[in-house]
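Undergrad: The structure is given below, and queries will be raised subsequently.
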Amino acid sequence: MKKYLKNKTKKIRPYQICVRCVMDTSDPWIEFDSKGVCNHCKAYSQKNFKSEDSIKEKKEDLEEMFDGIKKLRDKKTKYDVAIGISGGVDSSYVTYLANKAGLKVLAIHMDNCWDTATAIKNINNLISLKNVDYYCEVVNWKNFKSSQRILIESGLPDIELPTDSAITAVISRVAVKHGIKTILSGGNYSSEGILPSAWMYNPKDSLFIRSIFKKAGKSTAIFKAFKFGLRDDFKFRFLHKIKTLYPLNSVIYDKEKAKNHLKRELNWQSYGGKHCECLYTKFCQLIYQPMRHGMDYRRAHLSTDICNSRISRQEAINILKVSPWENLDLENELSFIANKLGYEVSELKNIMKEPRLWYKDYSNNEFLLGKIYNLYRFLTGRPLAKSWWG
Ligand SMILES: [Zn+2]
């Protein structure tokens, strides 16, 4: 193993599944207590509030959040908030709620050239709302494609890293340009509260990005426009004083009800699985990750559903018995992805058979960033977190 790889991945451990949720050893660093309950559902139940009594309280939370944003209005800024939109349910619902509350919204879309037709239709319906303006930035496809190829050849599970990083980079740049002080995110505990760090490490770690590109023998120059590192984050928070808020954590967020609501109000259309508004995400979550890393995103989402009593553990187990790619035309999907990324189908299939690696196998600043972000949390009176982005 060369020096940029740290070879820290633990040896394969015996299979174990949580007795409360359905998280299992497909997360290589999952921890179980003596009763067989995993660290994910334990941490989730400490964070989440779902009692009926809290519904009214949560509505007031949201009103308070939106009223607070309105109070920040001044003549210099045209918009109250920026919202990154993908055409997916979470960001669409946040835009809908903000618009309904009378906020002036700049909806920002980072087009990574993988949007589905349904996502584009949903975006068009959303931006037809009064007081919602739209900005779309299309990535430099040549550089973006090269970055996606580097990730897919890195052996890491999170081949969506260029997209995740570029979304933050674009939204932040545009918010700064327009003097917007608040970003509303569709991120939420209700549907995304459980997500192992092994499956998705944070792209703000510049050392990690550099080590991936170094292994590929490529300069990070092609990644520059998509990068959003620690320095950018701190400039964004302290110099530009921009806050990111999560409205869906201030309501009892039921995704199915939100979808129905959007369908009725905005002719919003469903696109299948979670985050399948993007063709590459669909490939990543339904084919690449399950086949190459043995991990199934549905497992994390279903575990969150179990914790919220939306589904029984047995129902979740039954769903997971069917492979994620069951209803897909696999050859057709692989051919489309290979062709777009400039691979032969056989090349892509061979890449997917190569050894799996995890972020701890690459140089990273997890320890240092953990200290820095916890110091920031301490100084701003927030609870300390186990992972630096948590
Ligand atoms: Zn669990």
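The values are calculated or read from the model by the stated rules, or taken from the named source; none is laboratory data. Note that the structure is predicted; figures quoted are calculated from it, not measured. For neighbour counting, all protein chains shown are included, and Cβ atoms are generated from backbone atoms with ideal geometry for every residue, glycine included.
Undergrad: Restricting to region 107-117, name every residue that is surrounded by 17 or more Cβ atoms within 10 Å (Cβ to Cβ) and either touching a helix residue (DSSP H, G or I) at 6+ places or on another chain (Cβ under 7 Å) or assigned to a helix (DSSP H, G or I) (or both).
TA: A107, I108, H109, M110, N112, W114, T116
Undergrad: Only one of these conditions is not met by N374: (1) within 24 Å of D158 (Cα to Cα); (2) surrounded by 15 or more Cβ atoms within 10 Å (Cβ to Cβ). Which number is it?
TA: Checking N374 against (1) within 24 Å of D158 (Cα to Cα); (2) surrounded by 15 or more Cβ atoms within 10 Å (Cβ to Cβ), the one that fails is (1).
Undergrad: Applying the selection to region 317-352, what residues are without any contact (Cβ under 8 Å) to a residue 60 or more places away in the chain and of a type in the set (G, A, S)?
TA: Within region 317-352, S323, S335, A338, S346 qualify.
Undergrad: Out of all the residues in region 292-304, is one or more at positive phi, away from the ligand (no atom under 16 Å from the Cβ) and among the small types (G, A, S)? Talk me through it step by step, then tell me what you get.
TA: Within region 292-304, the subset at positive phi is 294.
If we keep only those that are away from the ligand (no atom under 16 Å from the Cβ) too, we end up with 294.
Subset that is among the small types (G, A, S): 294.
Yes.
Undergrad: I would also like to ask the following. Pairs please, first residue from region 122-135 and of a type in the set (F, W, Y), second anywhere and in a loop (DSSP other than H, G, I, E, B), Cβ atoms under 9 Å, 6+ apart in sequence or on different chains.
TA: Y134/I85; Y134/I127; Y135/H178
Undergrad: Taking the conditions exactly as written (free of Cβ contacts under 8 Å to residues at least 60 places away in the same chain, out of contact with any Ser or Thr (no Cβ under 7 Å at 6 or more places or on another chain) and of a type in the set (S, T, Y)), does Y96 satisfy them or not?
TA: Criteria not met by Y96.
Undergrad: If you don't mind, another one. Among residues belonging to region 101-119 that are modelled with pLDDT of 95 or more and more than 18 Å from the chain's Cα centre (by Cα), point out the one that is nearest to S147 (Cα to Cα).
TA: L106
Undergrad: So which residues in region 143-195 are charged (D, E, K, R) and in contact (Cβ under 8 Å) with a residue 12 or more places away in the chain?
TA: Taking region 143-195 first, the residues charged (D, E, K, R) are 145, 149, 153, 158, 160, 164, 173, 177, 181, 192.
Result: K145, R149, E153, D158, E160, D164, K181, E192.
Undergrad: Any idea how many residues of region 237-294 are under 19 Å from I83 (Cα atoms), hydrophobic (A, V, I, L, M, F, W, C) and in contact with a Phe, Trp or Tyr (Cβ under 8 Å, 6 or more places away or on another chain)?
TA: 6
Undergrad: Do we have Y79 as modelled with pLDDT of 95 or more, of a type in the set (F, W, Y) and over 15 Å from A175 (Cα atoms) here?
TA: Considered against the rule, which asks whether it is modelled with pLDDT of 95 or more, of a type in the set (F, W, Y) and over 15 Å from A175 (Cα atoms), Y79 comes out as no.
Undergrad: From the residues in region 343-371 that are out of contact with any Phe, Trp or Tyr (no Cβ under 7 Å at 6 or more places or on another chain) and hydrophobic (A, V, I, L, M, F, W, C), which one is surrounded by the fewest Cβ atoms within 10 Å (Cβ to Cβ)?
TA: Only one residue tops the list, namely F367.
Undergrad: Let me ask something else. Could you list all residues from region 28-38 that are surrounded by 15 or more Cβ atoms within 10 Å (Cβ to Cβ) and modelled with pLDDT of 95 or more?
TA: Within region 28-38, I30, F32, V37, C38 meet the criteria.
Undergrad: Residues that are under 19 Å from the mean Cα position of the chain (by Cα): find the helices (runs of 4 or more DSSP H) completely inside region 250-338 holding 1 or more of those.
TA: Filter on region 250-338 gives 255-266, 279-283, 297-307.
Undergrad: Sticking with this structure for a sec: Check T182 against each of (1) closer than 20 Å to K360 by Cβ; (2) modelled with pLDDT of 95 or more; (3) of a type in the set (V, I, T) and name the one condition it does not meet.
TA: In the conditions (1) closer than 20 Å to K360 by Cβ; (2) modelled with pLDDT of 95 or more; (3) of a type in the set (V, I, T), T182 misses (1) alone.
Undergrad: Could you tell me how many of the residues in region 311-336 are touching a Lys or Arg at 6+ places or on another chain (Cβ under 9 Å) and under 30 Å from K47 (Cα atoms)?
TA: 5
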